[in-house]
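The values are calculated or read from the model by the stated rules, or taken from the named source; none is laboratory data. Keep in mind that what you see is a predicted model, and the values were worked out from it rather than measured. With ideal geometry, Cβ positions are generated from the backbone for all residues, glycine too; neighbour counts draw on all protein chains shown.
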């Protein structure tokens, strides 16, 4: 039986999650939550997410980077050429599997028929961007938890959804 997949994303109401290879906001509470949730976990992510996440290799994370660039492989970083290859590699590693993007990887994983949990920080704003989280609202999710929060710039909700 395959492991439960955990998708972790922060996106705006208009589904924007990135702009010019960066987050379109700075929400310290979400960053703290993200780093705590992913510490000591197996992380599946794309090359751009890996290269723009300075703390990716910290806190005991085991990384599987989806890329054709085999030069990125090193201690604690495996390279896979596709989502299926990355998930197969992640299944062989200990602990929970977290999928952290980007856009195409999220789309492929959401289309899979397997158990998954979505850790979604929904920013209650429309923001400009060029990377979008795929539409998730039409899928048969069960809400496990919800917590409202805000900072000086945004209101946001931390959701945990399962299917």
Filter result for the condition that a residue is touching a residue at least 12 places away in the same chain (Cβ under 8 Å), touching a strand residue (DSSP E or B) at 6+ places or on another chain (Cβ under 9 Å), farther than 28 Å from residue 1 by Cα and surrounded by fewer than 17 Cβ atoms within 10 Å (Cβ to Cβ), over 139, 72: 72
Residues of segment 93-104 classified as part of a strand (DSSP E or B) and farther than 18 Å from residue 39 by Cα, total: 0
Yes/no for residue 152 being over 14 Å from residue 10 (Cα atoms), in a loop (DSSP other than H, G, I, E, B) and at pLDDT 95 or above: yes
Criterion (at pLDDT 95 or above, farther than 16 Å from residue 3 by Cβ, assigned to a helix (DSSP H, G or I) and under 15 Å from the mean Cα position of the chain (by Cα)) met by exactly one of 107, 90: 107
Only listed residue being surrounded by fewer than 17 Cβ atoms within 10 Å (Cβ to Cβ) and under 20 Å from residue 133 (Cα atoms), chosen from 21, 100, 6: 21
Selection from segment 139-153 of residues that are under 16 Å from residue 32 (Cα atoms) and more than 19 Å from the chain's Cα centre (by Cα): 148, 149, 150, 151
Evaluation of residue 84 against (1) part of a helix (DSSP H, G or I); (2) free of Cβ contacts under 8 Å to residues at least 24 places away in the same chain; (3) touching a strand residue (DSSP E or B) at 6+ places or on another chain (Cβ under 7 Å) (one fails), failing number: (3)
Residues within segment 62-79 that are over 23 Å from residue 107 (Cα atoms) and not in a helix (DSSP H, G or I), tallied: 4
Test: residue in segment 105-125 that is surrounded by 14 or more Cβ atoms within 10 Å (Cβ to Cβ), more than 19 Å from residue 38 (Cβ to Cβ) and in contact with a helix residue (DSSP H, G or I) (Cβ under 6 Å, 6 or more places away or on another chain): yes
Qualifying positions in segment 110-132 - over 15 Å from residue 5 (Cα atoms) and in a strand (DSSP E or B): 121, 122, 123, 131, 132
Among the candidates 146, 131, residue that is in contact with a helix residue (DSSP H, G or I) (Cβ under 6 Å, 6 or more places away or on another chain) and surrounded by 12 or more Cβ atoms within 10 Å (Cβ to Cβ): 131
